[in-house]
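What follows is a set of notes on a single structure, which appears directly below.
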Amino acid sequence: MARFFRSALLLATTTVAAGVLAVPGAAFAADTTTDLSATEMAAAFKTIAGTTTTVAAKGWAGTAKVKSSEGTGTGAFVTDPVTGRASVVSVFDGVTETDYGVAKKGTYETISTAKQKAALKMIKRTSVRFVFKPKSTLKLSTWLEDYSAPPTMLLDFGTAAGTRTVHDDGTVTYKFEDEDEFIVNVTTNTAGAVSSALLAYDPYARVTYSYTYGKQTVALPSSAKTISQADLKKALAYVYLASDVKKLAKTSAADVKDVANGHTVKVATLRKVVRRHVTSFNTSAGLTVVAVTNVSGGIKISAKNPYTGLKVAYTIKASGKKVVVKKI
């Protein structure tokens, strides 16, 4: 759900249509409607994109609403290009997530999984709500394309013949429906920048957006509510230590037996196979969690949780054609 707005935008363009949506328009006494060819619509959208880019340079904010066969949701986004910060808050089927992107710094992502929460409880940091992932090469524009919905993104789709309606308040609405029955309804403000939009394949997908422009402020999460990616990764490596080491011992033993293929289990082969499994486990964890030691007839794997002091150890030994796993 972290890419709520981007996903919602794509949803409206990939859902199979079954009908045509009648897009309601506001009633203005002095409305003037003009038919536009596909070429003229494309030229208009190009102009709007240029104007919107200029207007949004100081900052922009907006909201989104999604209704689709996949579920419903709402969200809000704030972008401050001057300081290189942006935030996206999404609520999809009752679940809320918040993401922040900071140019040349990194990202803040919501703690959301049960395992993450268990890890934070284990290290006594239950007040943490975000994990910070450093990335010195992060470009805000790239992050926005992946996680947010910049107003110019709404103009990236192919165009078709439609209408342009100039309202008496200076706003303009562009409407068209392509050959796949994809509905586009974009309204620009008096400056010529995107102010709202509707993308729809009714009744399967309907996404609406609204935008405002000007200086924005994005307040980042406090240190008390943030954990570094490295610290969280370490905590995650130990949170289920007892069950992880038990599973590692049994999985390794099963592999040793498969390698023996019904023959007498060789101690050297057993040690080689188990060490390979341990190396893979530690590599996946990103640090050395499990240690290995040769013992008579086999090998011992062991680990200690640095946060709780819990120790876990198993021996894996050859016994004829069998492999014996024992907790010690």
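The values are calculated or read from the model by the stated rules, or taken from the named source; none is laboratory data. Source: prediction; values computed, not measured. Ideal geometry is used to build each Cβ from the backbone, glycine not excepted, and the neighbour counts take in all protein chains shown. For the accessible areas, the whole protein counts, side chains as well, though only heavy atoms, and no ligand, DNA or RNA atoms are used. Shrake-Rupley method; radii C 1.70, N 1.55, O 1.52, S 1.80 Å.
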Computed [θ] at 222 nm, deg cm²/dmol, the chain (DSSP H ≥ 4; -39,500 (n - 2.57); rounded to nearest 500):
-9500 deg cm²/dmol
Lysines within cross-link reach of Lys317: Cα-Cα under 27 Å, excluding same-chain residues under 8 positions apart?
Lys246, Lys247, Lys250, Lys257, Lys266, Lys272, Lys300, Lys304, Lys326, Lys327
So if each residue of separation counts as 0.36 nm, and I subtract the Cα-Cα distance between Ser222 and Thr288, what length gain in nm does that give?
20.7 nm
Skip the ligands, DNA and RNA, and give the accessible area per residue of region 240-289 with a 1.4 Å probe, whole Å².
59
Where the centroid of each part is defined by its Cα atoms, how far is region 88-104 from region 152-168 in Å?
28
For region 69-119, what does the relative contact order come out to in percent, with C-alpha contacts under 8 Å and a separation of six or more?
25
Portion, in percent, of the accessible area of the chain that falls on carbon or sulfur, probe 1.4 Å
53
Please sort 250-260, 288-298, 213-223 by packing, taking for each peptide the average over its residues of neighbouring beta carbons within 10 angstrom, highest first.
250-260, 288-298, 213-223
Once R0 is set to 51 Å, what does the formula 1/(1 + (r/R0)^6) return for the Cβ-Cβ distance between Ser280 and Val166, expressed as a FRET efficiency to the nearest 0.05?
0.20
Taking the alpha-carbon centre of each part, the distance from region 191-208 to region 305-322 in Å is 58
Between Thr308 and Lys257, what length in nm is gained on full extension when 0.36 nm per residue of separation is reduced by their alpha carbon distance?
15.0 nm
Relative contact order %, the chain, counting alpha carbon pairs below 8 Å whose residues are six or more apart:
19
With θ set to phi - 60° and the Karplus curve 6.51 cos²θ - 1.76 cosθ + 1.60, what are the ³J(HN,Hα) couplings of region 109-115 in order, to the nearest whole Hz, using x for Gly and Pro?
10, 5, 5, 10, 8, 4, 5
May I ask you to give the solvent-accessible area per residue for region 77-220, in square angstrom, as obtained with a 1.4 angstrom probe?
46
What residues qualify as long-range amide H neighbours of Gly106, i.e. H under 5 Å apart, gap of 5 or more or another chain, H built at 1.01 Å from N?
Lys135
Residue by residue through region 185-202, the couplings from Karplus 6.51 cos²θ - 1.76 cosθ + 1.60 with θ = phi - 60°, in Hz, x for Gly and Pro, are 9, 10, 10, 10, 7, 5, 8, x, 9, 4, 10, 7, 7, 10, 10, 8, 10, 6
Below 8 Å between Cα atoms, with a sequence gap of 6+, how large is the relative contact order for region 218-328 in percent?
27
